[in-house]
Structure formats: structure tokens, C-alpha cells
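This report refers to the structure that appears directly beneath it.
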Amino acid sequence: MRTGRFTLGLTVVAVPLVLALLGPVFADEPGPRAASFTLGEGHWLGTDFVGRDVWRQVLHGGRPVLLTALAATALTYLVALPVGLFSALTRRRWLEELLMRPLDVLLAVPSLLLILLAATVFAPGAVGLTLLVALANVPDAARLVRAAAAEAAARPAVEALRMQGETWWRTAVGYVGRAMLRPLAADAGTRLTGVLYLVATAAFLGVGVAPDAADWAVMVDRNRTGLFVQPWAVVVPAVLIVTLTTGTNLLFDAALDKGRQRTGKEGHP
């Protein structure tokens, strides 16, 4: 069953992932524009709202979504890991409060609202959108890291390491960090899926991308006026976003189930 879920996830995610990573390599040079929302005439997925070839836009439109989501997720943990570890392992209450209380304020603001509020102050590009999505995810990720680290730090092994005079780095990374791998891996799979949806939604609303950019989310937004005339310009990018997020979630779930099964076998002779 677990192997079947992994295979299903890999199958689902393969098409959008390949298109996102390798699509621009195989895309032809842009040809002359045709009439808006037409089918045929050499455009096998039709044309978009300004007469561009939809298939060419699809080939170029996945990489911005995927790279922004991956970069935002990586940046989230790059900040959340040290903050969560320091707050869980420090014995100075004031330092823990200093690290976590500002994040609690950010946590109270919905992620999309935070991005939209920031977008009213300045016009973020791709880098700005990545930073905003990471900022929206840091509070929740840091709290999870802190909880996982605090649970591991309460074990007798950590106290034994402290009594032996082990360095903070060896205790935090060598023991507590390894003990956190499983919950962090579970969170990473769920978070990447959420980040993909958040990036796509922000792009759909025009945050961080140009109005006519080759981006799957932008394609859905800009072409929806012609949905009933030329549906492929909306349906194809929308399906690719959904399959990318769904397949990613299935892969992480299957991998974690396999890890739990292996751990159970090792623990029960």
C-alpha cells in the first residue's frame, strides 16, 4: 500500500515537475501572435488573452512557481531552525521571550493578508515574493522547531551530555537536531504544499509577477475571461498546479510512512 502511494505520488508529480524544470529548454522561439482565445492554426492548446501560444507559456510558466516555492521553504527553515533551537535550549527566559514573542505577533496575521499588506507598500518582484512567503511561514515553523527541540532536550541523554561538558553545538546539532529530523521532514512536506498554494495564490492576485508573465498562476488569472471560449488556457495551468502540490504531498506522506515502518521494525525484534 505504501509503495503504491509512493508510485502514485511520483506519477502525479512527474509531469508538472518535468515541465517546470525542463520546459524552457524545449520551448520554441515565440512566433507571431494570433487572435486572442483561438484554437487551431498551429496552436494545439490554443492562444491566450493576448494571442500567445498557450503551450509555450505552459513550458515557461512552471519554473517561477516551483523555484519560488522551494526558495521560500528553504529560507523559512534557514531562519526557523536557529530561532527554534536557541529558544528551546537556552536557559535564559528573557532570550526565549525575545526570540518567540515577535513571531507570535506575525503568527496572528493570516499569511495571504500579510503578503497583500506588504504589496501595498512596495511592489515585490520574484525575490520580494520569496521573502514575503518565507516571512509568513517562519513563525509557525519556528514554533514547531521549538516544540520538537524542547521535547528532545528534555530527554536524559541531553542532560548527560551537559554533565559531560559537551559543547552547545554538539548537543543542539548532534543529538537534538537528529531527534528532530522526522517531525521536521513531516512538516517540510506539508509546508512545501502550502507554500506552493500561497505562491500560486499571490501570483494569481498579481503580487510579485508581471501581469503578462509566463506563470501558471498568472495564466489562470489572466485567461479566465475566456474560459468558455478557449478553456485550455485556464484548465491546463490550473491542473498542473494542483497535480504538483498533490503529488508532492503524496510523496512526502509515503516517504514518512516508510520511515515509520522501518523504525518500527528496528524497534521490535
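Only one of these conditions is not met by Val13: (1) surrounded by 15 or more Cβ atoms within 10 Å (Cβ to Cβ); (2) within 22 Å of Val199 (Cβ to Cβ); (3) modelled with pLDDT of 90 or more. Which number is it? Failed condition: (3).
With respect to the conditions (1) without any contact (Cβ under 8 Å) to a residue 12 or more places away in the chain; (2) more than 19 Å from the chain's Cα centre (by Cα); (3) under 28 Å from Asp221 (Cβ atoms); (4) assigned to a helix (DSSP H, G or I), Val127 falls short on a single one, namely (2). Any idea which residue in segment 153-194 is surrounded by the most Cβ atoms within 10 Å (Cβ to Cβ), counting only those that are of a type in the set (Ser, Thr, Tyr) and at pLDDT 75 or above? Among those residues, the one meeting the criterion is Thr193.
Within segment 94-150, the residues that satisfy the criterion of being closer than 17 Å to Met180 by Cβ and among the basic types (Lys, Arg) are Arg143, Arg146.
Taken together, Val50, Val58 contain a single residue that is under 29 Å from Gly128 (Cα atoms), in a loop (DSSP other than H, G, I, E, B) and touching a residue at least 40 places away in the same chain (Cβ under 8 Å), which is Val50. Cβ-Cβ contacts under 9 Å between residues 6 or more apart (or on different chains), taken from a first residue in segment 187-205 that is within 24 Å of Leu117 (Cβ to Cβ) and without any contact (Cβ under 8 Å) to a residue 40 or more places away in the chain to a second residue that is open to solvent by 10 Å² or more (accessible area, probe 1.4 Å) and aliphatic (A, V, I, L, M), are listed as Phe204/Val220. Does Ala108 count as crowded, with 20+ Cβ neighbours inside 10 Å, under 20 Å from Ala134 (Cβ atoms) and among the aliphatic types (A, V, I, L, M)? No; evaluated as a whole, the condition is false for this residue. Of all the numbered requirements in (1) in contact with a helix residue (DSSP H, G or I) (Cβ under 7 Å, 6 or more places away or on another chain); (2) at pLDDT 85 or above; (3) farther than 21 Å from Leu198 by Cβ; (4) open to solvent by less than 30 Å² (accessible area, probe 1.4 Å), Trp44 misses one, and that requirement is (4).
Selection of segment 209-258 for residues being assigned to a loop (DSSP other than H, G, I, E, B) and either open to solvent by less than 10 Å² (accessible area, probe 1.4 Å) or under 30 Å from Pro183 (Cβ atoms) (or both) yields Asp215, Gln230. When each of Val79, Val65 is tested for being among the aliphatic types (A, V, I, L, M), buried (at least 20 other Cβ atoms within 10 Å of the Cβ) and in a helix (DSSP H, G or I), the lone residue that passes is Val65.
The values are calculated or read from the model by the stated rules, or taken from the named source; none is laboratory data. Model, not experiment: these values are computed from the prediction. Cβ sites come from the backbone with ideal geometry, for glycine too, and all protein chains shown count toward neighbours. For the accessible areas, the whole protein counts, side chains as well, though only heavy atoms, and no ligand, DNA or RNA atoms are used. Shrake-Rupley method; radii C 1.70, N 1.55, O 1.52, S 1.80 Å.
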